[in-house]
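Colleague: Please find one structure pasted underneath; my questions will follow.
The values are calculated or read from the model by the stated rules, or taken from the named source; none is laboratory data. What you see is a predicted model; the values in this text were computed from it and never measured. With ideal geometry, Cβ positions are generated from the backbone for all residues, glycine too; neighbour counts draw on all protein chains shown. For the accessible areas, the whole protein counts, side chains as well, though only heavy atoms, and no ligand, DNA or RNA atoms are used. Shrake-Rupley method; radii C 1.70, N 1.55, O 1.52, S 1.80 Å.
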Amino acid sequence: MNTTLWISFIGTVLIIGLTPGPSVLLASANSMNHGAKKTLGTILGDLSANAIQILLSSLGLASIVITSGEIFGIIKWIGVAYLIYMGVTKILSNPKTGDFRSNNTKKSFLKLYSEGFFMSASNPKAIVFFAALFPLFIDQHLAFLPQVLLLGVTYLMIDGICLLMYVKFASKLKSYLEDRDKVHAQNKIIGILLIFSGLMLSLVKRTNS
């Protein structure tokens, strides 16, 4: 794995992982309503869905790498454009804030797991996201599978840590996550960072391009 690309990947995923999206809001709400321990089910469900989405998108990428290096290069540039698009979308978005009203209904670990899984699995943009993101950090001159495996594990670890952070400090973050102005301000910062990441990645010279 190209170390520079891997470090860039870590930075990009950290930016994305710290964004309070639907999975973060769900995990935070479950943590306050059912406790941090049970909410591990929600996190595991989310990561399980992500793992499947990464696998499916990687299988598609593998066929492209094998059949056409030129097409693979085009997809890399689509990935850069997608990263910038995500940034612009964040800047212009009208953020949804969490509803953390108390829920007295007790839910099992399995129920919370299924909530996290289906929250992530029902997002049709996820496979497109992984298919667009991963090519930016893959060196075509190196073995494909080990790189995808490392990127996949890295993504899941960072995403899991970010979710755990939100769950652990859910009660302290409640007022923040319910403040539309604060979330909107963070989205603008995240958007700018995503655009910056896309532009920087577009300027990196790779021997595999």
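Colleague: Which residue is modelled with the lowest pLDDT, if the candidates are limited to segment 1-30 and must be of a type in the set (A, V, I, L, M) and closer than 30 Å to H141 by Cβ? Lay out the reasoning, then the answer.
Modeller: Residues of segment 1-30 that are of a type in the set (A, V, I, L, M), as a first pass: 1, 5, 7, 10, 13-16, 18, 24-27, 29.
With the extra rule that they be closer than 30 Å to H141 by Cβ, the set shrinks to 1, 5, 7, 10, 13-16.
On the way: M1: 72, L5: 82, I7: 87, I10: 90, V13: 87, L14: 87, I15: 81, I16: 80.
Within segment 1-30, the match that is modelled with the lowest pLDDT is M1.
Colleague: Let me ask something else. Tell me which residues, restricted to segment 27-51, are under 14 Å from the mean Cα position of the chain (by Cα) and among the charged types (D, E, K, R).
Modeller: Of everything in segment 27-51, just one residue is under 14 Å from the mean Cα position of the chain (by Cα) and among the charged types (D, E, K, R), namely D46.
Colleague: Within segment 31-75, can you find the residues that are modelled with pLDDT of 80 or more, closer than 21 Å to K168 by Cβ and crowded, with 18+ Cβ neighbours inside 10 Å?
Modeller: Hits for segment 31-75 are S31, K38, T39, L40, G41, T42, I43, G45, D46, L47, N50.
Colleague: Just to verify a result, which residue in segment 91-125, among those that are part of a loop (DSSP other than H, G, I, E, B), of a type in the set (K, R) and open to solvent by 80 Å² or more (accessible area, probe 1.4 Å), is modelled with the lowest pLDDT? Quick ask: steps written out before the conclusion?
Modeller: Looking only at segment 91-125, we keep the residues that are part of a loop (DSSP other than H, G, I, E, B), and these are 93-108, 122-124.
Add one more test, that the residue is of a type in the set (K, R), and what stays is 96, 101, 106-107.
Cutting the leftovers down to open to solvent by 80 Å² or more (accessible area, probe 1.4 Å) gives us 96, 101, 106.
Numbers: K96: 60, R101: 56, K106: 74.
Filtering first and then ranking leaves R101.
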